[in-house]
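Undergrad: Sharing a structure with you now.
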Amino acid sequence: MSNKGKIRGKAALAVITAALLAGCGQAGGDAAPAQSGSVVADGTQEVERIEETDGGAQEDKTAGGKTAPEIYEEIEQTVELISPVQMGDDFINNYYGIEPEKLEEYVFVMSEEATSAETVVLMKVKEEGDVEAMCAALQVVVDEKRSEMQDYLPEQFEIVDKSSVKSKGNYVYLVISEQADAILQVIEKGI
């Protein structure tokens, strides 16, 4: 089987698995079930790190800052997302190796539509030493989306290709969307 065939097979298996998990539901109330995903890590992209300008004070909330869920609520009020589904602990751990216990809080949203690469992730990492590992994990998301869209949906591939993982202090975030500029503005204002 060719490498592309293996990638497609893994992607199909992941989508089926995620669909089965979606039927199981999830304890905990406000987190929606996982819907789709696969893991393909075959490319790299530079991670953009945004330096803090306030002297780097480490607090649960920056001055005037909001929680990740509050920032996401503002995103939802600012732009119309394409069939957003919030992914839970099991999904982000199983598919991307993100250990939820290393996060103070997070929002991990992917489009339910197979024809959309739209993804919004905002994570607040508990320990600054784990920021780079979380950046690497989100790079896997970018690489996976790039691989999924490259041969099938060129418009979505271009959107993915323009995205990058960013971090500021203990926050790590990724936006893959046609409306990335507006979403990033909300995130950067909120953290």
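The values are calculated or read from the model by the stated rules, or taken from the named source; none is laboratory data. All of these numbers come straight from a predicted model, not from anything done at the bench. Backbone-built Cβ (ideal geometry, glycine too); neighbour counts: all protein chains shown. Side chains are part of the model used for accessible areas, which takes the heavy atoms of the whole protein and leaves out ligands, DNA and RNA. Shrake-Rupley method; radii C 1.70, N 1.55, O 1.52, S 1.80 Å.
Undergrad: Go over the candidates K66, K61 one by one and state the one that is part of a loop (DSSP other than H, G, I, E, B), at pLDDT 50 or above, among the basic types (K, R) and out of contact with any strand residue (DSSP E or B) (no Cβ under 7 Å at 6 or more places or on another chain). If you could, list the steps in order and put the result at the bottom.
TA: Numbers: K61 fails: at pLDDT 50 or above.
Among K66, K61, only K66 is part of a loop (DSSP other than H, G, I, E, B), at pLDDT 50 or above, among the basic types (K, R) and out of contact with any strand residue (DSSP E or B) (no Cβ under 7 Å at 6 or more places or on another chain).
Undergrad: (1) buried (at least 23 other Cβ atoms within 10 Å of the Cβ); (2) more than 15 Å from the chain's Cα centre (by Cα): which one isn't true of G129, the others all being true?
TA: (1)
Undergrad: In the stretch 96-115, which residues are open to solvent by less than 10 Å² (accessible area, probe 1.4 Å) and of a type in the set (G, A, S)?
TA: Selection gives S111 alone.
Undergrad: Determine whether E76 is open to solvent by 20 Å² or more (accessible area, probe 1.4 Å), modelled with pLDDT of 95 or more and part of a strand (DSSP E or B). Reasoning before the result, please.
TA: On the way: open to solvent by 20 Å² or more (accessible area, probe 1.4 Å): yes; modelled with pLDDT of 95 or more: yes; part of a strand (DSSP E or B): no.
Considered against the rule, which asks whether it is open to solvent by 20 Å² or more (accessible area, probe 1.4 Å), modelled with pLDDT of 95 or more and part of a strand (DSSP E or B), E76 comes out as no.
Undergrad: Let me ask another. Restricting the search to the stretch 80-92, which residues are within 12 Å of the chain's Cα centre (by Cα) and assigned to a helix (DSSP H, G or I)?
TA: Answer for the stretch 80-92, where residues must be within 12 Å of the chain's Cα centre (by Cα) and assigned to a helix (DSSP H, G or I): F91, I92.
Undergrad: Determine which member of the set S147, S167, S163 is over 22 Å from E188 (Cβ atoms) and either among the basic types (K, R) or buried (at least 19 other Cβ atoms within 10 Å of the Cβ) (or both). Don't jump to the end; show me each part of the working.
TA: Details: S167 fails: over 22 Å from E188 (Cβ atoms); S163 fails: over 22 Å from E188 (Cβ atoms).
Just a single option satisfies the conditions, and that option is S147.
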